[in-house]
Every structure is written in structure tokens, then in C-alpha cells.
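Participant: Handing you a structure now.
The values are calculated or read from the model by the stated rules, or taken from the named source; none is laboratory data. Here the structure is a predicted model, which means the values were calculated and not measured. Glycine gets a Cβ as well: all are built from the backbone with ideal geometry, and neighbour counts include every protein chain shown.
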Amino acid sequence: VGATYLWIQLNANSINGDGPIIEREVEYRTVSGMLIDTTPVDKPTHKIGHLDPDTEYEISVLLTRPLEGGTGNPGPPLRARTKCA
């Protein structure tokens with residue numbers, strides 16, 4: 001955790017379901033609710049940058065499986081706060 005970035009670790013490989021996971025995305029928003037971005041992720045750890053200092057964010061993972069409608073709802077949000085500048 002820094003003033004303008006957060007590191008997250010995905011545990012999507014431990015999730016069971018209907019078919020293989022073909023895409024992982026991370027979405028993040030301020031706790032006040034403004035969606036900032038949804039980013040594809042292809043590694044177990046991911047750095048979210050260009051954030052505001054001393055701000056609390058909600059981070060969720062979206063998983064996609066093959067076929068139509070394969071993208072599920074965002075997972076439970078993780079709350080994290082960047083450090084003061």
C-alpha cells in the first residue's frame with residue numbers, strides 16, 4: 001500500500017464452478033460509490049495505480065467463463081485505504 005497505489009492478490013484459482021475461468025477482471029471504486037475502472041488481470045498479483053492519497057476504495061473481482069453470459073457478478077468487495085501523501 002502506498003499513497004497512490006494498492007497491491008492486491010487474486011485467489012481466483014481456488015474458486016469452483018461451471019467450466020474454466022477464461023478471464024479475470026478487477027473493478028475498483030471509491031467507497032462513496034464512483035466506479036473508477038475495470039481492468040483485465042492475468043497475474044496472481046496486481047497493482048492498482050493512479051489513486052488518490054488517504055482514500056478508501058472497494059475492490060472486486062469479476063470472473064468470466066466460456067459461452068454467453070459467462071461473466072458473473074462482482075465478488076465481495078475488499079476495502080482498502082491508500083496512505084497519506
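Participant: Can you name the condition, by its number, that I22 falls short on among (1) over 13 Å from the mean Cα position of the chain (by Cα); (2) of a type in the set (V, I, T); (3) surrounded by 15 or more Cβ atoms within 10 Å (Cβ to Cβ)?
Facilitator: All conditions pass for I22, except number (3).
Participant: Those residues that are part of a strand (DSSP E or B), among the aliphatic types (A, V, I, L, M) and in contact (Cβ under 8 Å) with a residue 24 or more places away in the chain, I need them from segment 30-85; list them, please.
Facilitator: V41, I48, I59, V61, L62, L63, L78, A80
Participant: Does segment 44-68 hold any residues that are acidic (D, E) and surrounded by 15 or more Cβ atoms within 10 Å (Cβ to Cβ), and which are they?
Facilitator: First pass over segment 44-68, keeping only residues acidic (D, E): 52, 54, 56, 58, 68.
The one that is acidic (D, E) and surrounded by 15 or more Cβ atoms within 10 Å (Cβ to Cβ): E58.
Participant: Can you tell me how many residues within segment 1-54 are within 22 Å of R81 (Cα to Cα), modelled with pLDDT under 90 and touching a Leu at 6+ places or on another chain (Cβ under 7 Å)?
Facilitator: So the answer is 1.
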